[in-house]
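Structure first, then comments.
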Amino acid sequence: MTAAPAFLVTVDTEGDNLWARPRTVTTGNAASLPRFQALAERHGFRPTWLVNWEMAHAPACVEFLRDVLARDAGEVGMHLHAWDTPPLEPLTDDDARHHPYLTEYPEALMRAKIERLADVLEEVFQRPLRSHRAGRWGFNGSYARRLRERGFTADCSVCPGVDWRTTKGNPRGAGGPDYRAAPMEAYFVDENDVNRAAAEPAPDALLEAPMTIGATRPRWAGRLVELGSKRHFWLRPNGHNGAAMRARVDEALADGRGHLMFMLHSSELMARGSPTFPDAAAVARLDADMEALFAHAAARGCAGRTLGEFAAQRRAAAAKAN
């Protein structure tokens, strides 16, 4: 019997409206997190809260996530924004404005930032970290190696079909990663090329669970989200794609996918927390779209898993197969 596909609910848990490049980052969206947790729980889903530096120091966020962990209702992972995670050593003339990718920093500084944020999160939540998503989707083999060495078991930074090279971090840099060749199914990462599976993965190899993305325009797509060099259809709400997300679930299930990856930013749960959901009416539409999506996924037999749980299952299955 085929196992039910995992429905992975991931939240980039970060400060308010970082798209505006604020000089002082606020964390008011922490008050909106319990509402989303309750929504996910109503439908049997277990969010993975991927936490960055400022939210690891926001008392309301910390209190909320400690309760989630105490109830075993979700997971805390790491979301690293390189420009404001210590140690702070400028890469550009204004890192707060340019938001460089972690992969653009020297490797020693990359390692130090990973270690510092991981140390803080593990101290705050008293749990080992297993799951990760890179800030601005910027990921490569060196980054994967550092995560594996730290003890992470899963990443969810890869966006199949998307080319981020025209999206700059360092203005003098090469831009973001090119994921056009990446698989859509989960795979153990080849640290020489994160777009491919390792031929003979080590027992501690990092599992990549890619975003659920389609690159064609079906009749149900509605409004497009422009990302990278092409138009893509993500399992990610934009206020106008509720039906499209449900159809994306159906498409992935028809294709026999082993997982579906849903994502949003914590700040999108708050009015004025993002350019996409600027007011209370927009947030209400977002809530309605997510309620309908989660109900649809549950009705279609999707299984609620955290990212760490999904990686553990895949690792156990690989060990059994060998």
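Read the figures in this text as sums done on the coordinates, not as results from a lab. No experiment lies behind these values; they were computed from the predicted model shown. FYI the Cβ positions are ideal-geometry reconstructions off the backbone, even for glycines, and counts take in every protein chain you see.
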Helix-only CD estimate at 222 nm, as mean residue ellipticity for the chain, using -39500 (n - 2.57) per DSSP H run (n ≥ 4): -10500 deg cm²/dmol
Dipole magnitude (debye, nearest 20) for segment 1-151, charges at Cβ of Lys, Arg, Asp, Glu: 460 debye
Gaussian network model of the chain, springs between alpha carbon atoms under 10 Å - residue of Gly175, Gly77, Gly301 with greatest fluctuation: Gly301
For Ala134, distant residues with modelled amide H under 5 Å away: Cys156, Ser157
Neighbour cut-off at most 11 other Cβ (10 Å), DSSP loop, trypsin sites (Lys or Arg not before Pro), segment 40-95: Arg71
Equivalent ellipsoid, the chain (semi-axes from 5 times Cα gyration tensor eigenvalues, Å): 26, 24, 21
Selection from Met55, Ala73, Val120, by position along the positive dipole direction of segment 6-321 (Cβ): Ala73
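Report, in debye and to the nearest 20, how large the dipole of the chain comes out about its Cα centre when Lys and Arg carry +1 and Asp and Glu carry -1 on their Cβ.
780 debye
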Lys, Arg +1 and Asp, Glu -1 on Cβ, resulting dipole of segment 21-81 about Cα centre, debye, nearest 20: 220 debye
Summed side-chain charge close to Asp12 - residues other than Asp12 whose Cβ falls under 13 Å, Lys, Arg +1, Asp, Glu -1: -1
Residue among Arg111, Arg127, Arg172 with the largest mean-square fluctuation in a Gaussian network model of the chain, springs linking Cα atoms under 10 Å: Arg172
Of the chymotrypsin sites (Phe, Trp or Tyr not before Pro) in segment 120-172, those whose Cβ has at most 14 other Cβ within 10 Å and which sit in DSSP loop: none
Values of log10 I(q)/I(0), in the order q = 0.19, 0.25, 0.29 Å⁻¹, for segment 158-213 under a Debye, Cα-only, solvent-free model: -0.68, -0.93, -1.08
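Around Lys113, what is the net charge, scoring Lys/Arg as +1 and Asp/Glu as -1 over all other residues with Cβ under 13 Å from its Cβ?
Taking every other residue near Lys113 into account, the sum is -3.
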Most fluctuating residue given options Glu208, Glu89, Glu191, as computed from a GNM of the chain linking Cα atoms under 10 Å: Glu89
Unit charges at the beta carbon, dipole of the chain: most positive-side option, Met290, Ala271, Trp137: Met290
